[in-house]
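Values quoted throughout were computed directly from the atomic coordinates according to the rules given, and no laboratory measurement underlies them. Just so we're clear, the structure is a prediction, and the values are computed from it rather than from any experiment. Don't worry about glycine lacking a Cβ; one is built from the backbone with ideal geometry, like all the others, and counts go over all protein chains shown.
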Protein chains: 2
Amino acid sequence: MERNILLTIEYDGTNFCGWQRQPGLRTVQGQLEQALTKVCGKEITLNGTSRTDAGVHALGQRASFRGEFGIPTDRIMLAVNNLLCGGMNVRGKCADVCIRDVREMPADFHARFDSKGKKYRYIIRNSGEIDVFARNYCYQVKSPLDLAAMQEAAALIVGTHDFACFQAAGGNPRETTVRTVFSLDVFRREVGDIAIEITGDGFLYNMVRIIAGTLVEVGQGKKRPREISSIITSKERQRAGHTAPPEGLYLVEIYYGELYEREA
Amino acid sequence: MERNILLTIEYDGTNFCGWQRQPGLRTVQGQLEQALTKVCGKEITLNGTSRTDAGVHALGQRASFRGEFGIPTDRIMLAVNNLLCGGMNVRGKCADVCIRDVREMPADFHARFDSKGKKYRYIIRNSGEIDVFARNYCYQVKSPLDLAAMQEAAALIVGTHDFACFQAAGGNPRETTVRTVFSLDVFRREVGDIAIEITGDGFLYNMVRIIAGTLVEVGQGKKRPREISSIITSKERQRAGHTAPPEGLYLVEIYYGELYEREA
């Protein structure tokens, strides 16, 4: 019987050329498919939920695959992680990608099409101090950011809008650029760090990074918070802020609603 | 007049082939000398205090250089860091090496020969959970470690001994393998992390990593704590434990005693 397996995946995006399989390049999808093919004993193709760019991290990426194979569901995670981590016991160094959860889903489930929403986090290190250890894990902004202004601007993004202004060129063509942002929180984490957390039913190409870049410009006083509404209405990419760099971005969670509960 | 400048340097060792300049390879010394040569307007050669291996990190490496050049001491740090960080303002991503402090020293001062001691830290992530974000910054040990046993063993290393058993082959020849370990503390940091902090008047090649590997084996019950004394007395490398991987190691501080105070 054909099985339909859903994976929850974590990765440090620093040394990957993004999620999507590309010939000759080290990608998350490529590494996972290679390991899964060995573990399942037949060619596996993953349907990923979010095609994250090079340098973007994930705490809860999701991907599904179908097939007939003997390995029990609860053994897949350990087998793949052992393959990926290779000599972890010897070297004490784990891989930069691992599977966090594996579950069997109903035959008609599809990781991407059945997604009801996603949560992303964007981390800004707001400090003039260089931190050589944080460079791959946040966006370092030297000039002081006005948190209250960023929060005021963020509130204007929440809701259902045509977000064409926050879409980069180069993504797959979409039927519509209307999306719903359920929540957009900007808050101070540890000393010096500002986190942006955004949930929505879907995101356009580079949308979270352009929102982060726009909020940084608001925080720097280059844009007024209330400009956001007219930027959205204009639908013009050039009115919005810059695209914040990939290393600050984390794909945190994919929501499936009830679907996730009715496992096979 | 010839000046004698002492730098304090921080780096993430992950993407460096160690400290020491090597033709065609990206090393910390190489990157710094290149930047300093531009900033000072003449060829600069650094005397580093510790030749850290590839993957080893530093919070307080020190290096000195001599020469006649116009740039004021207090401008060197900013100029070099700006060069190293290149487009930080544009990309929001800092370099993996930076200068933390610059000071002018007496003419006869030498960063390595005048060092009175060093402090290293070794970080162990004692957990079966994979952490893809920690892989370059600690030694991941899955099996539970007995902290008390490690502390008992550590106490036997403190003092003046012939540490030939903790010396790897391949280092520069030394006049003697006798060293003094001033302190060696093993303690739990955050949940799951164990830190080893060691200070001494000097360390043999790979000495800290071999001590860390030996303490891990004590923590795993593969060696008894009291074996340490006979391992030291034997002077045999093969009696000690494995060499713990480089990514857990941090050069924390170099001590100069009074010398450091009498700046030029």
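Structural remarks
- For region B:11-72 versus region B:114-164, the gap between their alpha-carbon centres in whole angstrom: 27
- Neighbouring Cβ atoms from other chains, within 10 Å of the Cβ of residues in B:11-20, number 2 on average.
- Annotation note: GluC sites (Glu not before Pro) in region B:1-40 located in DSSP loop regions with a Cβ neighbour count of at most 15 within 10 Å are B:Glu2.
- Dipole magnitude of region B:29-156 about its Cα centre (Cβ charges: Lys, Arg +1; Asp, Glu -1), debye to nearest 20: 160
- The same position B:Arg189 in the other copies lies at 1.7 nm from this copy, comparing label points 7 Å beyond Cα toward the beta-carbon, shortest first.
- Rounded, prolate or oblate (a/c below 1.5 giving rounded, otherwise prolate when a/b exceeds b/c) for region B:111-166 by Cα gyration tensor: oblate
- Chain B: most fluctuating residue of B:Pro246, B:Pro144, B:Pro173 per GNM, C-alpha cutoff 10 Å: B:Pro173
- Residue order, fewest to most surrounding Cβ atoms within 10 angstrom, among A:Met150, A:Met77: A:Met77, A:Met150
- Ascending count of other beta-carbon atoms within 10 Å, so fewest first, for B:Phe65, A:Phe133, B:Phe182: B:Phe182, A:Phe133, B:Phe65
- Mean ellipticity per residue at 222 nm, deg cm²/dmol - from DSSP H runs of n ≥ 4 across the protein assembly as shown, formula -39500 (n - 2.57): -7000 deg cm²/dmol
- Only Lys, Arg, Asp and Glu carry charge here, each on its Cβ (+1 for the first two, -1 for the last two); on that basis region B:162-256 has a dipole of about 420 debye about its Cα centre.
- Spin-label model distance (nm) - B:Lys142 vs B:Phe187, 7 Å beyond Cα toward Cβ: 3.1
- Shortest-first nm distances, B:Ala169 label point to equivalent points in other copies (7 Å, Cα→Cβ): 6.0
- Three-way shape label, region A:3-114, alpha-carbon gyration tensor, a/c 1.5: oblate
- Shielding of B:167-173 by partner chains, average beta-carbon count, 10 Å: 0
- Note on A:121-133: average number of Cβ atoms from other chains within 10 Å of each residue's Cβ is 4.
- For chain B, modelled as a GNM whose springs connect Cα atoms under 10 angstrom apart, the maximal fluctuation among B:Lys223, B:Lys119, B:Lys142 occurs at B:Lys142.
- Listed pairs B:Lys118/B:Lys223; A:Lys42/A:Lys116; A:Lys93/B:Lys142; A:Lys93/A:Lys118; A:Lys38/B:Lys222 exceeding 22 Å between Cα atoms: B:Lys118/B:Lys223; A:Lys42/A:Lys116; A:Lys93/A:Lys118; A:Lys38/B:Lys222
- Comment: the Cα-to-Cβ extended label point of A:Gly70, at 7 Å, lies 7.8 nm from its counterparts in the other copies, nearest first.
- Residues of region A:1-22 with amide N under 20 Å of a point placed 7 Å along Cα→Cβ from A:Thr45: A:1-7, A:19-22
- Length-normalised contact order of chain A in % [C-alpha pairs under 8 Å, at least 6 apart]: 23
- Cβ crowding within 10 Å ranks A:Leu156, A:Leu249 as A:Leu156, A:Leu249, fewest other Cβ atoms first.
- Whole-Å semi-axes of the protein assembly as shown's equivalent ellipsoid (Cα gyration tensor): 45, 33, 18
- Taking the Cα centre of region A:87-150 as reference, the dipole from Cβ charges on Lys and Arg (+1) and Asp and Glu (-1) amounts to some 80 debye.
- Furthest towards positive pole of dipole, A:Ile232, A:Leu83, B:Cys98, structure part the protein assembly as shown, Cβ charges: A:Leu83
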